[in-house]
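Written out below as structure tokens is the structure these notes cover.
Quick note: the coordinates plus some simple rules give every number you see, no bench work behind them. These numbers were taken from a predicted model, which means no experiment stands behind them. Heads up, the Cβs are rebuilt from the backbone with ideal geometry, glycines too, and the neighbour counts pull from every protein chain shown.
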Amino acid sequence: MHTERSERSAMLLSKNIQMSDNAFTALKEMIYERTGIFFSDNKKSLLENRLSRYIEDNGYEDFEKYIDILKYSPSRDKEFSALYERITTNETFFFRDVNQLQAFETDVLPMVVKELEGKGIKKMRIWSAACSTGEEPYTLAMLIRNRISQIYNSGWDIEIHGSDISEGVLNSARVGEYNNYSIRNVPPQYLDRYFVKNGNGKYGVRPEVKGMVRLSNINLFDEAKLRMFRGMNIVFCRNVLIYFDDMAKKRVIANIYDSLAPGGYLFIGHAESLFNISRAFKLVNINNVLIYQK
Ligand SMILES: C[S@@+](CC[C@H](N)C(=O)[O-])C[C@H]1O[C@@H](n2cnc3c(N)ncnc32)[C@H](O)[C@@H]1O
């Protein structure tokens, strides 16, 4: 699991095993083909730092041996899963980008409720598509519980899905315990209501919130698995497109488009854009927050 801070410490701890240029090319191509995550040529030492210790700890002689294992070993799926844990950047926190969350809560949610009610439907599906350690889907669950309790308590079935490619971060999300850094943006009334301070000094998400979120391992490049993720009314895919090149962004956004119900909404990171990536969405501006609608 990586943040910018842990990257610095990892660099200090590393490494004896060096990565050749050929190994870098082979690895970055494998990673790109499977995940869309793009390591440009100036990121060789970043990849080397993230993997050399793992290779050493597992007794593989060098990067070439590791690549053989990724290609041919019967346990390659497990190896790829371990690889994803090492190459992904998982920075996240509760109540990230409050302007977007406010647009979600005060505008998008009521619009979706109204539209579905008009059709006699009382089921809504929300998906946090690269949820890392769970702060994003749990934030959405808290907003839904707190601010629209009338809706939540009036027979609505609200499914919130959180998914990520990395099993390590999903396991942390399943535990649902967070440090001060993760909760730094949580408004005090939410902290009181939806967290419990544990003996270990961490903040646990209360069971009623945890129980609203279903977590699963989904690679946004895996079209076969994504076919099970259809009919989403609102999708959050924030701060993950930045790791992809344009081709990969196009593929992932097309997959998300297919997962959305007609009229469904997509939130991407506030610094991200679908310019030159997709023209399939209508752009909706809510108090200067840009949201994409299918
Ligand atoms: C920086 S975090 C963003 C977390 C959260 N959405 C937020 O904005 O706070 C990016 C996440 O994207 C995940 N990710 C990267 N490539 C992915 C892929 N191909 N499929 C699914 N998740 C992916 C990473 O594992 C990481 O947890």
Whole-percent tail of the Cα-Cα distance distribution for segment 152-293, cut at 22 Å, equals 50
When Leu241, Leu191 are ranked with the fewest other C-beta atoms within 10 Å first, the list becomes Leu191, Leu241
Check: C-alpha center segment 59-112 vs C-alpha center segment 231-294, spacing in Å is 18
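Please report Trp127, Trp156 as a ranked list, fewest other C-beta atoms within 10 angstrom at the top and most at the bottom. Before the final figure, lay out the partial values.
Details: Trp127 27, Trp156 17.
Ranked by crowding around the Cβ, least crowded first: Trp156, Trp127.
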Across Asp164, Asp246, Asp41, the residue with the highest GNM fluctuation in the chain (Cα network, 10 Å cutoff) is Asp41
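Would you mind getting the Kirkwood hydrodynamic radius of segment 121-220 from its Cα pairs, rounded to one decimal in Å? It would help to have the intermediate numbers written out before the result.
Values: mean 1/r = 0.0718 Å⁻¹.
About 13.9 Å, per the Kirkwood formula over Cα pairs.
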Low-density loop trypsin sites (Lys or Arg not before Pro), segment 91-179, at most 11 other Cβ within 10 Å, DSSP non-H/G/I/E/B, are Lys119
GNM of the chain, Cα pairs under 10 angstrom: of Met30, Met232, Met142, the biggest fluctuation goes to Met30
Dividing the surface of the Cα convex hull of the chain by four yields a projected area in nm² of 16.5
The answer for chymotrypsin sites (Phe, Trp or Tyr not before Pro) in segment 244-294 that fall in a DSSP coil and have at most 16 neighbouring Cβ atoms within 10 Å is Phe275
For the table Lys43/Lys202; Lys249/Lys294; Lys44/Lys225; Lys71/Lys250, the rows whose alpha-carbon distance is greater than 23 Å are Lys43/Lys202; Lys44/Lys225; Lys71/Lys250
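Based on the Cα gyration tensor of segment 40-116, what are the three equivalent ellipsoid semi-axes, each the root of five times an eigenvalue, rounded to whole Å and given largest first? Intermediate values should be presented prior to the final figure.
Numbers: eigenvalues 356, 54, 21 Å².
Sorted largest first and rounded, they come to 42, 16, 10 Å.
Using helices alone, I'd like the mean residue ellipticity at 222 nm for the chain: each DSSP H run of four-plus residues gives -39500 (n - 2.57), total over residue count, nearest 500. Let's see the in-between values first.
Details: 15 runs with 136 residues, N = 294.
Mean residue ellipticity at 222 nm (helix-derived): -13000 deg cm²/dmol.
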